[in-house]
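Asks: Below is a structure I'd like to ask you about.
The values are calculated or read from the model by the stated rules, or taken from the named source; none is laboratory data. Just so you know, these numbers come straight off a predicted model, no measurement behind them. FYI the Cβ positions are ideal-geometry reconstructions off the backbone, even for glycines, and counts take in every protein chain you see.
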């Protein structure tokens with residue numbers, strides 16, 4: 001692959017070379033996940049939908065960077081926009097919901113897993129994984145790509161193509177994980193913070209789409225820009241709907257779990273004292289002195 | 001199927017009912033705006049050349065918010081329905097209030113103040129604006145009335 005950087009994108013072999021690169025990368029990621037999943041530690045307790053999500057995410061990413069969409073991207077800005085939607089928005093949903101970090105932590109031997117977990121809870125990682133940071137990386141990257149010459153240059157250098165599309169995928173995964181990720185992360189920001197950042201990011205995405213309508217990137221025809229900007233606007237809406245739905249679903253599940261934990265604690269408490277010295281109703285236990293239930297519904301007895 | 005005035009509803013639950021209605025109203029109004037005026041009638045344009053960048057950002061934010069609001073409203077709706085008592089009147093009041101509020105915001109601030117887009121181009125837009133804003137105000141009044149009536153029903157003493 002060392003010769004690829006020197007090869008211009010215009011030649012057919014350059015495009016095919018790139019396809020092999022992506023095939024290797026995505027195929028490798030897919031196999032790695034399945035290998036981890038099938039190893040002894042994780043086999044019995046890994047929900048099958050997660051493997052399905054991973055496969056779906058990899059396939060979606062593959063459609064965007066391998067084959068007709070990738071090779072047609074150069075000439076047709078609309079195809080690029082479709083690839084951007086698939087690679088940067090739809091594929092990450094599948095990849096994140098597959099919980100790859102959890103799988104890794106469960107499969108590796110304990111010392112390695114602990115090392116990784118410690119790295120993941122470092123301040124740097126937590127800062128990177130914050131929704132606001134992820135949103136900035138995504139929207140900032142998009143703005144840079146479409147309002148500078150980056151877009152035109154990308155199609156001339158293979159390494160730039162890889163860098164930009166790789167960034168699209170990774171930044172998309174970072175953002176999706178920050179909003180709906182199910183991998184363990186310490187001090188995950190509150191639901192409200194995540195909702196606010198999500199709406200703000202969606203708003204910026206919509207604004208950028210409309211801006212592209214009137215101000216095409218360098219080297220793109222006005223007609224293509226108009227069609228592509230509408231694709232970005234409405235296609236983004238559609239995929240965002242999936243993201244919002246998963247977010248609300250998770251919020252509701254957490255709220256229900258909290259309600260159940262609270263109720264489990266409440267059932268022990270009996271309103272005994274109403275001012276009269278009545279005896280307890282039949283069958284009611286006196287109030288057990290316990291500490292408040294923690295998030296898992298467990299209570300510690302007080303002495 | 002209005003609320004039985006003898007059932008008590010905790011303030012938090014009635015807030016969720018109203019909130020769900022509000023969000024759904026905003027979302028539905030925005031969706032109707034998009035579907036009918038942009039797509040069907042082609043009266044609105046996707047992009048108005050006279051838009052400032054601030055206007056573009058505000059338009060995008062409001063669009064994003066209404067989209068989020070629609071879906072969140074449905075989840076809140078499911079949440080509220082699951083509980084013991086809910087007031088359809090209050091929910092409807094929330095919807096009217098949300099839709100009217102969005103329409104008024106769109107009609108006055110987005111159309112007139114920020115000039116993001118107009119209701120229709122190449123015609124005298126005054127009667128359209130008038131109709132738009134009057135309908136918005138009517139919706140708001142209906143919404144407030146419904147919300148207050150439902151609150152009075154909740155406050156009715158137990159028989």
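Asks: Examine the stretch A:85-97 for a residue that is in contact with a helix residue (DSSP H, G or I) (Cβ under 9 Å, 6 or more places away or on another chain) and more than 18 Å from residue A:167 (Cα to Cα), and state whether such a residue exists.
Replies: Scanning the stretch A:85-97, I find at least one residue that is in contact with a helix residue (DSSP H, G or I) (Cβ under 9 Å, 6 or more places away or on another chain) and more than 18 Å from residue A:167 (Cα to Cα), so the answer is yes.
Asks: Exactly one of these conditions fails for residue B:54: (1) in contact with a helix residue (DSSP H, G or I) (Cβ under 7 Å, 6 or more places away or on another chain); (2) more than 8 Å from chain A (Cβ to nearest Cβ). Give me its number.
Replies: For residue B:54, the exception is condition (1).
Asks: What are the residues in the stretch A:186-216 that are more than 15 Å from the chain's Cα centre (by Cα), closer than 30 Å to residue A:114 by Cβ and without any contact (Cβ under 8 Å) to a residue 24 or more places away in the chain, if any?
Replies: If the condition is that a residue be more than 15 Å from the chain's Cα centre (by Cα), closer than 30 Å to residue A:114 by Cβ and without any contact (Cβ under 8 Å) to a residue 24 or more places away in the chain, then A:190 is the only one that fits.
Asks: Please find, among A:105, A:139, the residue that is at pLDDT 90 or above, assigned to a helix (DSSP H, G or I) and surrounded by 17 or more Cβ atoms within 10 Å (Cβ to Cβ).
Replies: A:139
Asks: A further question on this structure: So residue B:88 ticks every box in (1) away from chain A (no Cβ under 14 Å); (2) modelled with pLDDT of 80 or more; (3) surrounded by 16 or more Cβ atoms within 10 Å (Cβ to Cβ) but one. Which box is left unticked?
Replies: The number of the failed condition is (3).
Asks: From the list A:171, A:178, pick out the single residue that is surrounded by 21 or more Cβ atoms within 10 Å (Cβ to Cβ), away from chain B (no Cβ under 14 Å), within 19 Å of residue A:252 (Cα to Cα) and touching a residue at least 40 places away in the same chain (Cβ under 8 Å).
Replies: Of the residues listed, the single one that is surrounded by 21 or more Cβ atoms within 10 Å (Cβ to Cβ), away from chain B (no Cβ under 14 Å), within 19 Å of residue A:252 (Cα to Cα) and touching a residue at least 40 places away in the same chain (Cβ under 8 Å) is A:178.
Asks: Do we have residue A:75 as within 25 Å of residue A:59 (Cα to Cα) and without any contact (Cβ under 8 Å) to a residue 12 or more places away in the chain here?
Replies: In short, yes.
Asks: (1) more than 9 Å from chain B (Cβ to nearest Cβ); (2) surrounded by 14 or more Cβ atoms within 10 Å (Cβ to Cβ); (3) farther than 19 Å from residue A:99 by Cα: which one isn't true of residue A:237, the others all being true?
Replies: (1)
Asks: Could you tell me which numbered condition residue B:106 fails, if it satisfies all but one of (1) within 14 Å of chain A (Cβ to nearest Cβ); (2) within 26 Å of residue A:239 (Cα to Cα); (3) at pLDDT 70 or above?
Replies: Just one mismatch for residue B:106, condition (1).
Asks: Given the criterion modelled with pLDDT of 90 or more, within 13 Å of another protein chain (Cβ to nearest Cβ) and crowded, with 19+ Cβ neighbours inside 10 Å, identify the matching residue among A:225, A:206.
Replies: Within the list A:225, A:206, the selection yields A:206.
Asks: Residue A:244 fails exactly one of the following numbered conditions: (1) at pLDDT below 90; (2) within 12 Å of another protein chain (Cβ to nearest Cβ). What is the number of that condition?
Replies: (1)
Asks: Can residue B:35 be described as farther than 25 Å from residue A:251 by Cα, at pLDDT 65 or above and surrounded by fewer than 22 Cβ atoms within 10 Å (Cβ to Cβ)?
Replies: yes
Asks: Oh, and also: Restricting to the stretch A:189-203, count the residues that are outside any helix (DSSP H, G or I) and either within 14 Å of chain B (Cβ to nearest Cβ) or surrounded by fewer than 16 Cβ atoms within 10 Å (Cβ to Cβ) (or both).
Replies: Count: 1.
Asks: Just a yes or no: is a residue in the stretch B:39-53 modelled with pLDDT of 80 or more and at negative phi?
Replies: For the stretch B:39-53, residues modelled with pLDDT of 80 or more and at negative phi: absent.
Asks: With A:43, A:74 as the choices, which residue is at pLDDT below 90, farther than 26 Å from residue A:221 by Cβ, surrounded by fewer than 18 Cβ atoms within 10 Å (Cβ to Cβ) and over 23 Å from the mean Cα position of the chain (by Cα)?
Replies: None of the others qualify; the one that does is A:43.
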